[in-house]
Every structure is written in C-alpha cells, then in structure tokens.
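Trainee: Sending over a structure as structure tokens; questions will come in a sec.
Any read-out appearing in this document is the output of simple, stated calculations on the displayed coordinates, not a laboratory observation. Please read all numbers here as calculations on a predicted model, not as lab measurements. Here the Cβ is made from the backbone with ideal geometry for all residues, glycine too, and neighbour counts use every protein chain on show.
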Number of protein chains: 2
Amino acid sequence: MPELRQNFATKEWVVIATERARRPEQMVQHRERKVIAPFVSSCPFCPGNEGLTPPELLRVPASPDAPWHVRVVPNKFAALSRDVQPTRTVHRSRRTVNGFGAHDVIIETPDHSQILALMPDSYVAEILRVYKTRYDELSLDPRVAHITIFKNHGPDAGTSLEHPHSQLVATPVISHQVRERFQHAMRHYDDYGECMFCQMIEEELQDESRIVMVSEHFVAMELYASPAPFCTHIYPRRHMASFGDVGAAEINDLSRVLRTLLAKLYHGLADPDFNFTIRSAPAENVGVKYFHWYLSIIPRLTRVAGFELGSGMFINTVLPEAAAEFLRKVDAEAAGTAVAGS
Amino acid sequence: MPELRQNFATKEWVVIATERARRPEQMVQHRERKVIAPFVSSCPFCPGNEGLTPPELLRVPASPDAPWHVRVVPNKFAALSRDVQPTRTVHRSRRTVNGFGAHDVIIETPDHSQILALMPDSYVAEILRVYKTRYDELSLDPRVAHITIFKNHGPDAGTSLEHPHSQLVATPVISHQVRERFQHAMRHYDDYGECMFCQMIEEELQDESRIVMVSEHFVAMELYASPAPFCTHIYPRRHMASFGDVGAAEINDLSRVLRTLLAKLYHGLADPDFNFTIRSAPAENVGVKYFHWYLSIIPRLTRVAGFELGSGMFINTVLPEAAAEFLRKVDAEAAGTAVAGS
C-alpha cells in the first residue's frame, strides 16, 4: 500500500510509492564514467593556471610559496555582484533587489581527478574549515542576509566544470522557502518549548530504522518523509542554528561523517551524481533556539517531472528505511566502485 | 547588473543572472531527435493494444465501435491507490496518510508519433475537455483534496513512455506549497479586496513587455520573476479559481493558445523537453475570490543544481522580457523545426 508522509520540519508531503517501489540496489545507474586525468592544461582550476581565475580570496596553506591544497576565488561567471549596495524597489506587483551578492568557488584540490569520497578525512576537514572561514567572513557583511554552501557533482547535478569544487552564494534576501521554514520552526518552539529538529533527531535515534551512522557529534539519517531516494541529512547532535557555530572538533568529526557517507554512495550506487548543501540559519538569526542547521546530500537518481512541478509534492520510489539499511551495509572503505549486493 | 526579482504571487525570489545572460536563441539545444514511428507494436498506448492497459475510464468518442481519439486509463504503475479510505495517523514527529488517490493516464492520440504542438486546435480541445471531465468527476469524490493535471514531454522532463500522454493525480492532502500560496492569496485579498493574480494580469497587460499572446479569454506571459528560461504561464482573463469553472467556449480558446505556445517552443527552441501543469484551487476552495487557476509550461533547458536545492531560490539566465519578445516573433505555423533567428 502506498503511503503519504509529511516532513515534520517543512510540512511537505511526499508520496512513498511502494507500488512502484524499487529495491535500493535497483537504483544503481550502470553507466560508463570516463577516466579523468589528474591534470588538464586548459582547466582554470588546475595548478599553474591560477591566473585564469579572478584574484584569490583565500588559500590553504596561506603561504603563497607553498603548493596550495584549497583555493577560494570569486566565480568568474558570478550570478551576483559584490560591488553594489543592495537596494530594494517596489513598483506595484514588481519587487526587485539589485544583484548584490557574493559567489565564491572553493577549489577543493589541485588534483583534477580527485573526488571527496576518496580523499583522506583530514583533507575533507581542510575544505570544511574553508567553508567556515568564508561563511564567517561573509556573515559579518551587513549586506548579506543568507548564505548557501553547496556542491554539484556530475552533469545531472548541474556541474559545468569537472575539476572538484564547491560553491558559496551570499544573497541580500532570505528566500521565501527559508523564511517560511523558519516560521514553522519558531511556531513549534513557541508551542512546545523545544527545537523541532532536536525532537526529531531524538525520536529517530530511538527508532533507529532510518539512521545511517552516528558519530560523537553528528547523526546521519534518511528522513521519514524523504523526498528522493538516498537523500541523506547530517545533523549536529547538539543544538546549533548556524553552521558558523560549529567548533574545531566538530569540523573534524563532520569531515569523517561526510566523507564516509559520500564513500557509501560512491561504492554502493556506483558514483551517482549528487548535490550537497548546508542549510544554516540566516545571518540575522544566529543563535536562535528553534532552528537547527544541517547538511543535505541529494543523489540525483530520479527526475523531477510534471507532478512535482505542479503540486509541490515529491514521489519517492525507495522506502527511506530500506535506503538506510542499504547504506549502513555498504563498506565505505571498499576498493573500486563495487556495488553492494551485486 | 544582475537583479533579484520577487514573484508577486508566491513570494519566491529569483536571480536574473544578467552577467551570465544568454540571448534566447542561445538556449536552443541542437540535438538529434530520433524519428518516431506512428505505430509501435509493443506500446501499450497504441491502437490494438488496449488490453495491455487497465480497464478504460473514458474514451472519446464514447462509442466502443468507433476508433478512439483520446483514452483515459488508470496508471498501471500508479503512485496512489483508488481502493482505500484516506486515514491519517500522527505519531509524534511522524505523520502519515495512507496512499489513497487516483492516477489517470490520458492517452492523447492513437498516433505514437504525433505531438500536441502540431495537432489541429480542435484535437487539442478534445484533450482539454477530457481533462475537465476527469477533473470534475474526481472533484466530487469527498476523499480527494487536490488534483494536479500535468504532461511530461521528453526524457529531461521525466517521460518514461514515448506515446503522447498526460496525467492526472488526485491526492487526499493539499500540498504544503499549494496551501501556503493560498494563504498569501487570501491575505492579499483581505488587504486589498482584489485577487492578486487579477491585479498582476492587468499590470502585465498594460506593461506589454512580458506578454507572449492574448486571446479573447486568455493571456500568455513570462512572469516578471520567471524561475526558468521560457517558463510561460497562461491565465484566464476573467477571475476563476478552479479549472473546473472553465466554460465550453473558453476551452476552445485555451486549446488554441496552448497549441500555439507549444508550437512556438517547438519551432523556436527545436522541440525542447518540457512539462506543463494546471494549477487549480483545491476541491474545497472552488469559487474563492482570491485564487486564480493557470497553466504553466516549463521547458527543461537548464538543470536545478545545489544552489536551488539549498536556498529555494532559482537562477534564470534569460531575461523574461527577452524570452517574451523571442516567443512573440516565432511563427507558430512554420513548417519543420526551423529555429527563429538562426
């Protein structure tokens, strides 16, 4: 029997389509991945081509003489511009803010062929520390209302450049979706005196069926009303509204959890295209008791079609409990791209 | 200078990325479309294979002896089931409704190779009348809360079957997104005493720059804060909350407007993959003064990536005014798939 489930935090309904259900291993896309070279002379993110990017915002290690591990540069084709004051205009039904914003590219490694899932945890921690440095710096800019950190891996996830990189976009407005989710979270806090995410995390830890992994500081799980197969959320176990609140030990722990999950997807689902994104409180809401930041990994195994576009509801063809069980079993340290269960 | 624009009806912000902007004609995807045969012996929707679908719900013309033009059958792989009573359960953070619902497939033509954009208007009108008949019938079922009608054209739009068809899904819940947009519309009405869509349509008709076409009963336009290139909305010019309110003359007029727009996309953008969907008031809100139904056509020319998934904001690389001007100029009656401007 199919079932509709409601996301506790967002109120969104998802159709868990058991009649069309697929076993987790049926979601593996058997396709040729082309062999990628570690250095591509025309790639603007490869070492030696630093002059092809706009001037660097950050480099790790900081010394200009040492070979870099991670670089941050402004996006050459930025969707938004740093050089203006955000100004809002309202003319009847037409509402506009001029395009102030920051659009960073975080070049994750000099190695064109490397991928996060197979990097050492300590290297992933360097990248996450860079996220936090840029997040903290941009949060101080009074023109910035909200910051989104994200990564696109593979063409179905919208990557245009092959070299491993993530992005950060700071906007002068808070999106309607974010604002609206905040209002739910605040109402829940006002009704029950607790963070709705903290409550949900506690219940899921008791239930266990949707938990993928638990570390000292984080828990990774499939949502009860997961909108898509293998969409996996990582929540800090202590209450924290903003990614900017994360501590040094927590970053190290997060790097291990994130890297392990990406490796489970890589080995278990044959390197699927995916996005991940950090959903954090807007700058003006740092420290609130009712919101909880999280990192969401969204493998792009299915296509959004007319039903989703027309109704705002998603159809998920893999039971979240089955996806969690599958991911728990995948050996994150396996060699190659062996498919679990095959 | 890039610009953020807010959708008046949904409150969603869109980045109009003029720095990355593309001229409309640059959005044409030059690709091989395979030649499609008018009859495919293994296709469950082709004539002679009627026994491969579940029993028919509707046929046009009604006579079982005449060759059919349009057939409606339950989706064999329905996401939801007709045979249950919707029952809601709430267990702390876990909220569920069992999977009651209807999932119709509307087989638009016996011809496997035909496409809506190239059909006679009168044939498209037959299909729209079938939408309305099914919409009206399901609206009477007290278990149905909301009905979404949609079409997926091409693989990037999520089609799994090539034979031309649309779908209708009736759900036992109103999606959070729909509910939330209703609340905005209601608040606007309570504040200003008019339908926000009627206001927006009137302003756009005065402004003209985003209008693609106007008929006796409908207006087709790019939204001021259009979330994607060439996303085109068709609104009834008189106030109507529900698609079920549309009259016979209006259906005929709509078929001409819809077919013309699809032909403009087909000729102008070389048969892009697209979805369309009818966004109508939930069954319990028929007749409200504050909501306005519309048909939304969404060409699938760009990919949703991490920024959109993480922020709920979209980036549109084609200026809505430029898209409207481009579509106005495309000859909907052109032969072949000649590209305007090339």
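Trainee: Whole-Å semi-axes of chain B's equivalent ellipsoid, largest first, each the root of 5 times a Cα gyration tensor eigenvalue?
Mentor: 30, 27, 20
Trainee: A follow-up question, please. Which of the chymotrypsin sites (Phe, Trp or Tyr not before Pro) found in the range B:4-100 are loop residues per DSSP with 15 or fewer other Cβ atoms within 10 Å of their Cβ?
Mentor: Loop-located and lightly packed - B:F39, B:F77.
Trainee: Ok, one more. Just to compare against my own numbers: the Cα pair-distance distribution for the protein assembly as shown, 20 Å bins, whole % per bin, please.
Mentor: 17, 52, 29, 2, 0
Trainee: Copy-to-copy spacing for B:V35, label 7 Å out on the Cα-to-C-beta vector, in nm, shortest first?
Mentor: 3.8
Trainee: Here's something else I'd like to know. Once you sort the root eigenvalues of the Cα gyration tensor of the range B:200-342 as a ≥ b ≥ c, which label holds: rounded (a/c under 1.5), prolate (a/b larger than b/c) or oblate (the other case)?
Mentor: Note, shape of the range B:200-342 comes out oblate.
Trainee: By count of other Cβ within 10 Å, fewest leading, how are B:T133, A:T87, B:T171, B:T260 ordered?
Mentor: Fewest to most other Cβ atoms nearby, the residues stand as A:T87, B:T133, B:T260, B:T171.
Trainee: List the distances, in nm to one decimal, from the label point of A:N49 to the label points of the same position in every other copy, shortest first, placing each label point 7 Å from Cα along the Cα-to-Cβ direction.
Mentor: 4.6
Trainee: May I pose another question? With springs connecting C-alpha atoms under 10 Å apart, model chain B as a Gaussian network and identify which of B:S296, B:S226, B:S209 has the largest mean-square fluctuation.
Mentor: B:S209
Trainee: Something else about it: Let me check against my output: what whole-number percent is the relative contact order of chain B, with C-alpha pairs under 8 Å and at least 6 apart?
Mentor: Relative contact order of chain B: 22 percent.
Trainee: Here's a follow-up. Report, please, the projected area of the range A:84-230 averaged over directions, based on the convex hull of its C-alpha atoms, in nm².
Mentor: That works out to 12.9 nm².
Trainee: Using Cβ contacts closer than 10 Å as the measure, can you line up B:D121, A:D331, B:D271 from fewest to most?
Mentor: The most exposed by this proxy come first: A:D331, B:D121, B:D271.
Trainee: Which FRET efficiency value, to the nearest 0.05, do you get for B:D65 and B:V35 by plugging their Cβ-Cβ distance into 1/(1 + (r/R0)^6) with R0 = 41 Å?
Mentor: Numbers: r = 33 Å, r/R0 = 0.80.
Plugging the Cβ-Cβ distance into 1/(1 + (r/R0)^6) gives 0.80.
Trainee: Per residue of the range A:269-286, what does 6.51 cos²θ - 1.76 cosθ + 1.60 with θ = phi - 60° give for ³J(HN,Hα)? Whole Hz please, x for Gly and Pro, Karplus curve as stated.
Mentor: 10, 6, 6, x, 5, 8, 10, 10, 8, 9, 9, 10, 4, x, 3, 6, 10, 4
Trainee: Now a separate question. Measuring nothing but label to label, 7 Å from Cα along Cα→Cβ, what are B:P142's distances to the other copies in nm, shortest first?
Mentor: In nanometres, ordered from closest: 5.9.
Trainee: Name the residue from B:A225, B:V257, B:P272 whose Cα lies farthest towards the positive end of the charge dipole of the range B:199-286, charges +1 on Cβ of Lys and Arg and -1 on Cβ of Asp and Glu.
Mentor: Highest projection toward the positive end goes to B:P272.
Trainee: Quick one: what are the phi-derived ³J(HN,Hα) couplings along the range B:68-77, Karplus 6.51/-1.76/1.60 with θ = phi - 60°, whole Hz, x for glycine and proline?
Mentor: The phi angles translate into 7, 9, 9, 10, 10, 9, x, 5, 5, 10 Hz.
Trainee: Follow-up question, since we're still on this one. How large is the translational diffusion coefficient of the range B:129-169 in µm² per second when you combine the Kirkwood radius over alpha carbon pairs with Stokes-Einstein at 20 °C and 1.002 mPa s?
Mentor: Values: Rh = 11.5 Å.
Taking Rh from Cα pairs, D becomes 186 µm²/s.
Trainee: Just add up the charged neighbours of B:E204: K/R +1, D/E -1, any other residue whose Cβ is under 10 Å from the Cβ of B:E204.
Mentor: -3
Trainee: Compute the signed sum of charges (Lys and Arg +1, Asp and Glu -1) over the other residues within less than 15 Å, Cβ to Cβ, of B:K264.
Mentor: On the way: positive: B:R210, B:R256, B:R259, B:R328, B:K329; negative: B:E25, B:D121, B:E222, B:D271, B:E325, B:D331, B:E333.
Spelling it out: positives minus negatives among the neighbours equals -2.
Trainee: If exposed means no more than 13 neighbouring beta carbons inside 10 Å and the site is in a DSSP loop, what's the longest run of chain A without any exposed GluC sites (Glu not before Pro)?
Mentor: Details: sites that count: A:E32, A:E208, A:E216, A:E333.
Segment A:33-207 is the longest.
Trainee: Sticking with this one: Which of B:R256, B:R22, B:R88 ends up with the largest GNM mean-square fluctuation for chain B, with Cα atoms connected below 10 Å?
Mentor: In this elastic network of chain B, the residue with the biggest mean-square fluctuation among B:R256, B:R22, B:R88 is B:R88.
Trainee: Would you mind counting up the charge near B:S226? Only other residues with Cβ under 10 Å from its Cβ, with Lys and Arg at +1 and Asp and Glu at -1.
Mentor: After counting each charged neighbour, the total is 0.
Trainee: Here is a follow-up. Sort B:S63, A:S280, A:S139, B:S311 so that the residue with the fewest other Cβ atoms within 10 Å of its own Cβ comes first and the one with the most comes last.
Mentor: B:S63, A:S139, B:S311, A:S280
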